[in-house]
Every structure is written in C-alpha cells, then in structure tokens.
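The values are calculated or read from the model by the stated rules, or taken from the named source; none is laboratory data. Fair warning: this is a prediction, and the values are worked out from it, not measured in the lab. No Cβ is skipped: glycine too gets one built from the backbone with ideal geometry, and neighbour counts run over all protein chains shown.
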Amino acid sequence: MQGRVLIVAGSDSGGGAGIQADLKTVTALGGFGMTAITALTAQNTLGVFGVLPVEPDFVVQQMDVVLDDLGADAVKTGMLHSPEVIEAVSVALERRPGLPLVVDPVMVAQSGATLLQDAAVAALKQHLLPQATLLTPNLPEAEKLIGRSIDGAAGMEAAAQEILAMGPEAVLLKGGHLSGDWLIDVLVTAGGVERFEGPRIDTEQTHGTGCTLASAIATGLAQGLSLADAVRRARAYLQEALRTAPGLGRGQGPVNHGHTVGHFDG
C-alpha cells in the first residue's frame, strides 16, 4: 500500500525541515505526499529570518481541494503558527472523521526562533490535541504543554501520561534533549508504556529531525502499520538519515532524507 499523507505545515526555504522534509520523508518511505502550506519561512541552517503566515481560510481551501480529489490515508500537522490557523485546521479535520492524525507540536525552531505564538499553545490543547491519533513533542515542547520541567526517563513517562490526559490517543515523547549517549523515546497509550532506546548518533546535523520523524510515522500509519511498528520504522529511518547526513550549511545541517535502509518493511 502506497499511503497518501496530507501534510499541513510551514515551508522551510533551506529544505531541511517543514514541508520540504516532510515530502522527502514520505517519498523515501514509499508514500504519496500532499500539502497545505500554513506559512512561508526565510530559513537556513543558521536560523529563521522571516515568517510569512498564510490566511487560515486558504490553508483550509488547500486541505479541502486535496481531500476532495486525491483523498488521504493519514494527516500530519507541523508548524501551525497561530490560534486562528489551529482552529481552522481543527474544524476542517472534524469534517473528515476517521483519518489518522499525527500532530507535531512545532513551537520553537532548533535555532531558538519561536514558530508558535503563545496564544496558540492554548488553542492547540483545546482544539487539536483531542483529535490527535499521536502527538510527538520533544522535551521543550512537552514542558511548555504541562508547564513544568521534565527530568530523566521516569519524568518523561509521567509527563507523557499527563499530556495523554489532554486528549490524544497516544503520545510519543522524544528524549533527544536529554544528555547522555543513550537515547530514549517514550510511547504512551491507554494500553501502557513502551520505550524505544538506542545509542545517540554524535552529530550536529539535526535540522528537521522532528518533522522527519512525525512524517515517517504518519506514512507508516497511512500504509497500515500499527502505531508501534510505525514508530519503530520511523526511528530506524531517522537514525540512518542522521548517520549519513550530508553536512550542508554553516549551522545545524539537514539529515539525509534520501538514504535507503532495506525496503522499510518494518
């Protein structure tokens, strides 16, 4: 099954994150990617230098015309920028019940630039989290959602459970911001907790890793994989993309979205 994935997110002019990373990932994993662009950014490996938002009505129009014609097997959201866009996207998705939804709560770029307005965090909690099949926060994003700091793997599990109570069906809390040579991600559902662990790849080429992982998981769900298997395959894909990163740019460079690891059959 090819798997059709509609990506609702912002554009990264540098090609390492955002819509560009999403499309590369979906294609590399054998899916078919479609887009509704929420904002344009002037961005490279050194930072975000400008953001041009797209009107909420036009974001929804992009979604509707794609879904009416091509359809989708999963939806992935990334940078939504404002409360108005979040609410509009939420309403549009309510009209399409049953679609798996992976929400990457993009709040702050790795350069430190704010990509989600403060008022939008409340809108995200109210409107989009209850619709999410999976939420994929990193540690800073999770801390912003729960309003406190998170310490260690045990703290990650407790935080993920707290976020799960906000409405998503599952939470994948990513531990990349923890120190140490061993990387832990925690997947929490109503059925329990599963840890995904492995050695950390020592690289500064990490631009777009969150977008890449979430889109890889969405592709797996669109192709009929279970949530755990979609996460497992996505992590393997991202690990190899990090290991073979091309080393472009003068800052945090992009990963290698175009690598191949077997046939990604799980």
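In region 46-57 there is no residue matching the filter, namely being in contact (Cβ under 8 Å) with a residue 40 or more places away in the chain, surrounded by 23 or more Cβ atoms within 10 Å (Cβ to Cβ) and more than 18 Å from A120 (Cβ to Cβ). Within region 154-179, the set of residues being out of contact with any helix residue (DSSP H, G or I) (no Cβ under 7 Å at 6 or more places or on another chain), within 26 Å of H127 (Cβ to Cβ) and among the hydrophobic types (A, V, I, L, M, F, W, C) comprises M156, A158, A160, L164, A165. For region 114-154, filtered to residues that are touching a Pro at 6+ places or on another chain (Cβ under 8 Å) and outside any helix (DSSP H, G or I), the residue that is surrounded by the most Cβ atoms within 10 Å (Cβ to Cβ) is T136. When region 86-107 is limited to residues that are at pLDDT 95 or above and touching a strand residue (DSSP E or B) at 6+ places or on another chain (Cβ under 7 Å), the one that is farthest from E169 (Cα to Cα) turns out to be V89. Within region 195-202, none of the residues are in a helix (DSSP H, G or I) and closer than 23 Å to L139 by Cβ.
Within region 43-65, take every residue that is within 20 Å of the chain's Cα centre (by Cα) and among the aliphatic types (A, V, I, L, M) and give me the one that is farthest from R96 (Cα to Cα). Filtering region 43-65 for residues that are within 20 Å of the chain's Cα centre (by Cα) and among the aliphatic types (A, V, I, L, M), the one farthest from R96 (Cα to Cα) comes out as V48. With respect to the conditions (1) surrounded by 18 or more Cβ atoms within 10 Å (Cβ to Cβ); (2) under 29 Å from I184 (Cα atoms); (3) not charged (D, E, K, R), M63 lacks only one, and its number is (2). Which pairs have Cβ atoms under 8 Å, sit 6 or more apart or on different chains, and link a residue in region 208-230 that is under 17 Å from E169 (Cα atoms) and in contact (Cβ under 8 Å) with a residue 40 or more places away in the chain to one that is in a loop (DSSP other than H, G, I, E, B) and among the acidic types (D, E)? Close Cβ pairs (under 8 Å, with a partner that is in a loop (DSSP other than H, G, I, E, B) and among the acidic types (D, E)) amount to A214/D104; L221/D73; A222/D73. The strands (runs of 3 or more DSSP E) found wholly in region 27-108 and carrying at least 3 residues that are over 24 Å from N256 (Cβ atoms) and not basic (K, R) occupy 32-44, 47-53. Just checking, does region 162-176 include any residue being modelled with pLDDT under 95, more than 13 Å from T136 (Cβ to Cβ) and surrounded by fewer than 16 Cβ atoms within 10 Å (Cβ to Cβ)? There is no residue in region 162-176 that is modelled with pLDDT under 95, more than 13 Å from T136 (Cβ to Cβ) and surrounded by fewer than 16 Cβ atoms within 10 Å (Cβ to Cβ).
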